[in-house]
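Peer 1: One structure is given below, represented as structure tokens, and several questions about it will come after.
The values are calculated or read from the model by the stated rules, or taken from the named source; none is laboratory data. This is a predicted model, so every value here is computed, not measured. With ideal geometry, Cβ positions are generated from the backbone for all residues, glycine too; neighbour counts draw on all protein chains shown.
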Amino acid sequence: MSETTGRKFALLPMLGHTKGKRSPVTCALKCDNACSGEVCNTSSNSYFRDIASATMSRRAALGFGAAGALAVVLGSAVTSAGTAVADGGTGLAAAAKDGFGKSKLQFTAIPSIAADVDTLTVPAGFTWQPVIRWGDPIFNDAPAFDINNQTAAAQEKQFGYNNDYTDILEVPGSKGRRAVLFANHEYTNENIMFPATMPAADVRAVGAAAHGLTVVELERQNKNKPWSYVQGAGLNRRYLNSTVYELTGPAAGSSLMKTIDDPSGRKIKGTLGNCAGGTTPWGTILSGEENFNGYFVSPGTSASDKRYGLTSSATARKWELDDPRFDTRNAGYANEANRFGWIVEVDPFDPTSTPKKHSSLGRFKHEGANVIVAESGHAVAYSGDDERFDYLYKFVSKDKYREGDRKHNMTLLSAGNLYVAKFTGNSPAAEITGTGAVPADGAFDGTGEWLPLVVDGASAVPGMSVEEVLVYTRLAADKVGPTKMDRCEDVEPSLHTGKVYVACTNNSDRGKAGKEGATEINPRNANRDGHIVEITETGDQTATAFTWNLLMVCGDPAQGDVTYFSGFPVDQVSPISCPDNLAFDSVGNLWISTDGAPAGIGRADGLFKVTLDGADRGKVEQFLAVPRDGETCGPIVHDDERTVFVSVQHPGEEGTFDAPNSYFPDYVPAGTTPARGQARAPRPSVVQVFRG
Ligand code: FEO
Ligand code: CA
Ligand code: CA
């Protein structure tokens, strides 16, 4: 489509393509039609060997004192301004020392909600309101949202689109009345954001400004009142495509990172495709650059282009028309796509700080990253590569965490060892039927290894330098034989137990002709509904060996799906499909948000509590469901305040501007004029759910 014709989304080049019932809009705009293309991992690496004779005690391997580790993790931290910062914002220390307990957040599970219901459904006795919505003004000079008069200049000063990872950290000394909210903005849905009359160049400019990250201050009267955001507050910040990130670690300054705009190979403009994230023990935020390939036109012929899904096709948003760096075939920009696909770290308490991209954690489609401090003091970060048949990674810092030394701790992700996971099952291969039926020993379980990619500053991959391993991490991992997984989304360690939870969201291609079939760790062919892996490191978190088991194999038992919930009766769980983001409450329960349930079990996406301990281990209880076409992400569970936050991403994305599929969250009635700052169009929002 010409640049000047209305806009219209020729934008959806693959419209018509879907996997199952997945929205074609999601496929095109979020993942660059990843599922329609060939699987990026065509390596012959199949590596999962089921060893029938292997036996292990799943629980015996947790050889470290979790509470002891937590004492290290949860020491106080200090901002660069010298202000004390609450660690991680989770407040888990005391509860963790007491073991699992009863949460103050008690609720009756909601029923599963139909996928076309355009409401946010919460449990009886709870209510909800948005904390901040797409377009809400962040700075004092930001205009009120006006959907019919959008400009890039306005959007740069307003909350971005499609908020995904979210966290809320209390501002020290505020007695619980002030906090900072972080949200990233994964992608844009131009088809529902902009009027059809808007010029294409303006669509591109506003869409670009709606990407990036936001930090905004929140306030409330007291702990019993809901939060509101504060326009013009001192910590408010938008991170835009023009924001400069400092690349750290061995790839910084590498010839693989230099461009005509950045001969240093250390100063990268912008962050793209931000999906999940994590909050570090030292009070910074990590965010994962995921589907960055969809923003670049590339030759598409090299092994690395193919492995990362970079092609010569025009991109969906066509930013390459405005900025030559988005076409890596342009002179001087051959390396531009190498500058994305990293873990980003930002300091939400210092609006003048330079955000970082950490090359030590490798480059792939990072869903996010979550850090725990091992008993040894090393910071350990877990991160999944969300692509069919890609891998799970672990980073172990070279230096140790220092309690209270925030400046030092903010360097920990700059140097360390990088590993990739290999899983081995303990049941006979013949018992893994591909249906999800549990094998005869009653568990999907086994052992595993963290295979080294970088150790002590040196490459552990034959024929590749450290820089090459970190920039082309997928290619490096292919050489060492890790396990091909079913799209690892969030990976999160429990601060109660040290166990690590991995959300494998689905894999439509598992078991297809020519593709790896079901194994004990990914036990279902054409895996529609996903599963959750539970890893127990052998020793402290820096160990290179682990045991594992599946916490659950998702689905809807009432529809006849073969499911597994750690032995909990399947007729007593909320149906769940396509696990995506993970969080823990203060007493150690796991919370799971989903993305894709409409295409899985045919129900709305939602947020679910999962009991991990005691007689109810494996019990799934649905807490909320999001409006039509929406995905649930960024869960924050402040159960001590009986409050939950979620990001509602891409509500109504299958509609159009003129014929919305959702009216969330303003629900302006037809025939009435939206009030100032309201819109009839759906608006991705961070939502607070509380007693009331
Ligand atoms: Fe953006 Fe892997 O979800
Ligand atoms: Ca087994
Ligand atoms: Ca996600």
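Peer 1: Can you name the residue in region 471-505 that is more than 16 Å from ligand 3 (Cβ to nearest atom) and among the aliphatic types (A, V, I, L, M) and, of all such residues, is surrounded by the most Cβ atoms within 10 Å (Cβ to Cβ)?
Peer 2: In the first step, residues of region 471-505 are kept if they are more than 16 Å from ligand 3 (Cβ to nearest atom); the result is 471-484, 493-500.
Narrowing the set further to residues that are among the aliphatic types (A, V, I, L, M) leaves 471, 475-477, 480, 495, 500.
Details: V471: 25, L475: 19, A476: 27, A477: 29, V480: 19, L495: 24, V500: 25.
Checked region 471-505; the qualifying residue surrounded by the most Cβ atoms within 10 Å (Cβ to Cβ) is A477.
Peer 1: Here is a list of conditions, (1) touching a helix residue (DSSP H, G or I) at 6+ places or on another chain (Cβ under 6 Å); (2) on the phi < 0 side of the Ramachandran plot, and N549 meets all of them except one; can you say which number that is?
Peer 2: Failing condition for N549: (1).
Peer 1: Somewhere in region 668-677, is a residue over 16 Å from the mean Cα position of the chain (by Cα), of a type in the set (V, I, T), closer than 29 Å to V216 by Cα and at pLDDT below 95? Steps first, answer last, please.
Peer 2: Residues of region 668-677 that are over 16 Å from the mean Cα position of the chain (by Cα), as a first pass: 668-677.
This time we only want the ones that are of a type in the set (V, I, T), so: 668, 672-673.
From the residues that got through so far, the ones that are closer than 29 Å to V216 by Cα too are 668, 673.
Pick out the ones that are also at pLDDT below 95 and you get 668, 673.
Yes: one or more hits.
Peer 1: Now for a different question. I'd like the full set of residues that are out of contact with any helix residue (DSSP H, G or I) (no Cβ under 9 Å at 6 or more places or on another chain) and buried (at least 19 other Cβ atoms within 10 Å of the Cβ), limited to region 180-210. Outline the logic, then answer.
Peer 2: Kept after step one, since they are out of contact with any helix residue (DSSP H, G or I) (no Cβ under 9 Å at 6 or more places or on another chain), are these residues of region 180-210: 180-186, 195-197, 199.
Across region 180-210, the qualifying residues are V180, L181, F182, A183, N184, H185, E186.
Peer 1: Are there any pairs with C-beta distances below 9 angstrom linking a residue in region 384-398 that is closer than 24 Å to A34 by Cα and part of a loop (DSSP other than H, G, I, E, B) to a residue that is more than 14 Å from ligand 1 (Cβ to nearest atom) and of a type in the set (A, V, I, L, M), with the two at least 6 apart or on different chains, and if so which?
Peer 2: E387/V39; Y391/V420; Y391/A421; Y391/A477
Condition check ((1) touching a helix residue (DSSP H, G or I) at 6+ places or on another chain (Cβ under 6 Å); (2) of a type in the set (A, V, I, L, M, F, W, C); (3) under 27 Å from Q688 (Cβ atoms)) across all residues:
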{"position": "G232", "(1), (2), (3)": "no, no, yes"}
{"position": "N236", "(1), (2), (3)": "no, no, yes"}
{"position": "D262", "(1), (2), (3)": "no, no, no"}
{"position": "N274", "(1), (2), (3)": "no, no, yes"}
{"position": "I285", "(1), (2), (3)": "no, yes, yes"}
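Peer 1: Hey, can you tell me all the residues within region 539-589 that are charged (D, E, K, R) and in contact (Cβ under 8 Å) with a residue 24 or more places away in the chain? Before the answer, list the steps.
Peer 2: Start the filter on region 539-589 by keeping residues that are charged (D, E, K, R), which leaves 540, 556, 561, 571, 580, 585.
Listed by number, the residues that qualify are D540, D556, D561, D580, D585.
Peer 1: Can you tell me which condition L310 does not meet? The list is (1) among the hydrophobic types (A, V, I, L, M, F, W, C); (2) free of Cβ contacts under 8 Å to residues at least 40 places away in the same chain; (3) over 22 Å from V469 (Cβ atoms), and all the others hold.
Peer 2: All conditions are met except number (3).
Peer 1: Moving on. When you go through (1) buried (at least 20 other Cβ atoms within 10 Å of the Cβ); (2) more than 16 Å from ligand 3 (Cβ to nearest atom) one by one for V686, which number turns out not to apply?
Peer 2: (2)
Peer 1: In region 544-565, how many residues are assigned to a loop (DSSP other than H, G, I, E, B) and surrounded by fewer than 21 Cβ atoms within 10 Å (Cβ to Cβ)? Give the derivation first.
Peer 2: We begin by selecting, within region 544-565, every residue assigned to a loop (DSSP other than H, G, I, E, B); these are 544, 554, 556, 560-563, 565.
If we keep only those that are surrounded by fewer than 21 Cβ atoms within 10 Å (Cβ to Cβ) as well, we get 544, 560-562.
Matching residues across region 544-565 total 4.
Peer 1: I'd like to know if region 457-480 contains one or more residues that are under 21 Å from N581 (Cα atoms) and touching a Ser or Thr at 6+ places or on another chain (Cβ under 7 Å).
Peer 2: Kept after step one, since they are under 21 Å from N581 (Cα atoms), are these residues of region 457-480: none.
No, region 457-480 contains no residue that is under 21 Å from N581 (Cα atoms) and touching a Ser or Thr at 6+ places or on another chain (Cβ under 7 Å).
Peer 1: I need a count of the residues in region 132-167 that are closer than 26 Å to V203 by Cα, outside any loop (DSSP other than H, G, I, E, B) and of a type outside the set (S, T, N, Q).
Peer 2: 8
Peer 1: Filter region 252-293 down to residues that are more than 16 Å from ligand 1 (Cβ to nearest atom) and of a type in the set (D, E) and give me whichever is surrounded by the most Cβ atoms within 10 Å (Cβ to Cβ). So that I can check it myself, show each step before the final result.
Peer 2: Filtering region 252-293 down to residues more than 16 Å from ligand 1 (Cβ to nearest atom) leaves 252-270, 279-285.
From what's left, of a type in the set (D, E): 261-262.
On the way: D261: 15, D262: 19.
Once the filter is applied, the top-ranked residue is D262.
Peer 1: OK, next. For region 553-563, does any single residue satisfy the condition of being touching a Leu at 6+ places or on another chain (Cβ under 7 Å), within 23 Å of V500 (Cα to Cα), away from ligand 2 (no atom under 16 Å from the Cβ) and at pLDDT 95 or above?
Peer 2: Step one: filter region 553-563 for residues touching a Leu at 6+ places or on another chain (Cβ under 7 Å), giving none.
Checking region 553-563: not a single residue is touching a Leu at 6+ places or on another chain (Cβ under 7 Å), within 23 Å of V500 (Cα to Cα), away from ligand 2 (no atom under 16 Å from the Cβ) and at pLDDT 95 or above.
Peer 1: Is one or more of the residues making up region 491-498 within 16 Å of ligand 2 (Cβ to nearest atom) and touching a Lys or Arg at 6+ places or on another chain (Cβ under 8 Å)?
Peer 2: Taking region 491-498 as the starting set, the residues that turn out to be within 16 Å of ligand 2 (Cβ to nearest atom) are none.
Among the residues of region 491-498, not one is within 16 Å of ligand 2 (Cβ to nearest atom) and touching a Lys or Arg at 6+ places or on another chain (Cβ under 8 Å), which makes the answer no.
Peer 1: Tell me which residues, restricted to region 511-526, are touching a residue at least 60 places away in the same chain (Cβ under 8 Å) and more than 16 Å from ligand 2 (Cβ to nearest atom).
Peer 2: Answer for region 511-526, where residues must be touching a residue at least 60 places away in the same chain (Cβ under 8 Å) and more than 16 Å from ligand 2 (Cβ to nearest atom): G511, K515, E516, G517, N525.
Peer 1: With respect to F645, is the statement that it is aromatic (F, W, Y), within 30 Å of K175 (Cα to Cα) and away from ligand 2 (no atom under 16 Å from the Cβ) true? Quick ask: steps written out before the conclusion?
Peer 2: Values: aromatic (F, W, Y): yes; within 30 Å of K175 (Cα to Cα): yes; away from ligand 2 (no atom under 16 Å from the Cβ): yes.
It is true that F645 is aromatic (F, W, Y), within 30 Å of K175 (Cα to Cα) and away from ligand 2 (no atom under 16 Å from the Cβ).
Peer 1: Another one. What do you reckon, is A615 in a helix (DSSP H, G or I) and in contact (Cβ under 8 Å) with a residue 24 or more places away in the chain? Give the steps one after another, and end with the answer.
Peer 2: Numbers: in a helix (DSSP H, G or I): yes; in contact (Cβ under 8 Å) with a residue 24 or more places away in the chain: no.
No.
Peer 1: What is the number of the single condition among (1) more than 16 Å from ligand 3 (Cβ to nearest atom); (2) out of contact with any helix residue (DSSP H, G or I) (no Cβ under 9 Å at 6 or more places or on another chain); (3) within 30 Å of G514 (Cβ to Cβ) that L392 does not meet?
Peer 2: All conditions are met except number (1).
Peer 1: Please state which one of G596, G618, G606 is modelled with pLDDT of 95 or more and surrounded by fewer than 24 Cβ atoms within 10 Å (Cβ to Cβ). It would help to see each step written out before you state the result.
Peer 2: Numbers: G596 fails: surrounded by fewer than 24 Cβ atoms within 10 Å (Cβ to Cβ); G606 fails: surrounded by fewer than 24 Cβ atoms within 10 Å (Cβ to Cβ).
Being modelled with pLDDT of 95 or more and surrounded by fewer than 24 Cβ atoms within 10 Å (Cβ to Cβ) holds for just one of G596, G618, G606, which is G618.
Peer 1: Every residue in region 626-679 that is in a loop (DSSP other than H, G, I, E, B), of a type in the set (D, E, K, R) and over 25 Å from A154 (Cα atoms), please.
Peer 2: Filtering region 626-679 down to residues in a loop (DSSP other than H, G, I, E, B) leaves 626-630, 642, 650-679.
If we keep only those that are of a type in the set (D, E, K, R) too, we end up with 628-629, 642, 653-654, 658, 666, 676.
The answer is R628, D629, R642, E654.
Peer 1: Could you grab me the full set of residues in region 271-295 that are over 16 Å from L361 (Cβ atoms), out of contact with any strand residue (DSSP E or B) (no Cβ under 7 Å at 6 or more places or on another chain) and not hydroxyl-bearing (S, T, Y)?
Peer 2: Scanning region 271-295 gives N291, N293, G294.
Peer 1: A follow-up question, please. What is the residue count in region 517-541 for residues that are crowded, with 24+ Cβ neighbours inside 10 Å and acidic (D, E)?
Peer 2: 3
Peer 1: Can I ask one more? Looking at (1) under 18 Å from N507 (Cα atoms); (2) out of contact with any Lys or Arg (no Cβ under 9 Å at 6 or more places or on another chain), which is the one condition that is false for I601?
Peer 2: I601 satisfies all of (1) under 18 Å from N507 (Cα atoms); (2) out of contact with any Lys or Arg (no Cβ under 9 Å at 6 or more places or on another chain) except (2).
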